[in-house]
1. Run the dipole for the chain about the Cα centre, Lys and Arg Cβ at +1, Asp and Glu Cβ at -1, nothing else charged, and hand back the magnitude in debye, nearest 20.
2. Rounded to the nearest 0.05, what FRET efficiency do Thr28 and Met252 give with R0 = 35 Å and r taken as the Cβ-Cβ distance? Could you check?
3. Please report the Cα spread of segment 1-93 along all three principal axes, rounded to whole Å, starting with the longest.
4. Return Ile243, Ile298 ranked ascending by Cβ neighbour count within 10 Å, so the fewest neighbours appear first.
5. Return the distance in nm (one decimal) between the two label points of a simple spin-label model at Phe112 and Val304, each offset 7 Å from Cα along Cα→Cβ.
6. Can you tell me the relative contact order of the chain? Whole percent, Cα pairs under 8 Å, sequence separation 6 or more.
7. Quick one: of the DSSP bridges fully inside segment 78-221, what percent are antiparallel, nearest 5?
8. Output the antiparallel fraction of DSSP beta bridges having both residues in the chain, as a percent to the nearest 5.
Amino acid sequence: MRKRRLGNSGITVSEICLGTMTFGSQSTAQQAFEMMDRAVECGVDFFDLAELYPVPPKAEWAGRTEEIVGQWLKDKPRESLILATKIAGPGHGWFTPPIRFGKTALDQRQIFAAVEGSLKRLQTDYIDLYQTHWPDHGMPYEEVLGALTKLIDQGKVRAIGCSNETSWGLMKSLWSAEKHGTARYVTVQNNFSLINRRCESELAQVCRRESVSLLPYSPLGGGVLTGKYKTGAPLGSRFYDYIHNGQPRQKMMAARFVNPRTVETAERVGAIAKDLGISAVTLAVAWSKQHDFVASTIVGATSVTQLNESLLAADVVLDSETLKRIDQIDIDIPNPMTEDGLRRL
């Protein structure tokens with residue numbers, strides 16, 4: 001498993017990261033332990049969490065994922081692993097985060113409370129990468145970064161990053177850090193896949209020129225790139241539940257991910273994967289991690305069997321002819337996901 005540096009920090013990570021948002025909801029603690037053991041066995045040393053996990057967000061579930069990882073971590077050499085977690089931030093009208101009674105603005109009080117909760121649940125005295133799950137554009141960046149810098153100075157956090165951030169927001173934060181002498185974000189974690197290639201334009205330019213690493217999440221397009229939505233949302237899938245039982249925001253999300261254009265994209269990706277003798281899952285993860293501005297691609301699973309398909313991508317490098325075939329899909333079906341939700345921030 002190859003390693004890459006997170007931005008200009010001193011942290012290097014495996015180029016595949018294990019996402020944990022199913023731990024405690026779709027996956028039991030025992031299944032989560034098995035997946036984490038398997039990931040480490042294959043060379044993964046990077047794990048991504050959030051105080052809000054598991055999903056879907058529920059008050060009775062919030063923090064359970066960190067607790068599960070904390071239990072698993074107890075008999076592991078702490079410094080052999082890189083842990084990333086997130087403070088929720090505001091819900092931006094999509095939902096009210098079910099923690100701290102929905103009071104999740106990124107002010108110093110909330111940041112300090114959130115990090116202490118995560119440290120306790122993870123049973124560790126430091127977090128390697130601490131991220132804002134959603135930006136708070138109503139707060140001056142110097143105040144947010146100032147509070148996060150104090151956590152670095154206290155030794156509770158090694159580096160900081162952001163998630164679901166716009167190109168403007170990331171540049172604004174970097175400008176603020178330079179002007180006010182605070183720590184800077186070294187990573188940005190955004191949705192990036194073969195059905196949502198927006199990061200390749202403005203955000204990629206920011207990452208390359210400003211030494212910020214992208215940590216793509218949902219490289220399988222919410223599962224769409226597996227091909228399982230070819231004839232509609234299958235019973236038991238996330239988007240079946242969102243379409244039939246979800247809140248309005250979940251129904252909107254399902255419509256972005258599952259539509260005729262994304263389904264057609266998945267079919268064509270599947271055909272390329274078949275020609276290569278690999279699964280569409282392996283192809284999608286390999287494509288994601290092959291970008292120069294990506295440090296580590298976050299993969300999720302609910303079982304070791306699912307995880308193994310993503311881990312196979314560690315040894316896959318796509319040749320130029322395959323990349324041309326993939327790019328042709330984007331030319332024929334541009335922006336199949338219609339939007340990624342960032343314009344609503």
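Here, each number is a calculation from the coordinates, and none is a lab measurement. Keep in mind it's a predicted model, so treat the numbers as computed, not measured. Every residue, glycine as well, gets a Cβ built from its backbone with ideal geometry; the counts of neighbours run over all protein chains shown.
1. That gives the chain a dipole magnitude of about 540 debye.
2. After rounding to 0.05, the efficiency reads 0.70.
3. The principal-axis extents, from largest down, are 37, 32, 19 Å.
4. Starting with the residue having the fewest Cβ neighbours, the order is Ile243, Ile298.
5. 4.4 nm
6. Computed over the chain, the figure is 19 percent.
7. Of those bridges, close to 5 percent are antiparallel.
8. Percentage antiparallel, nearest 5: 15.
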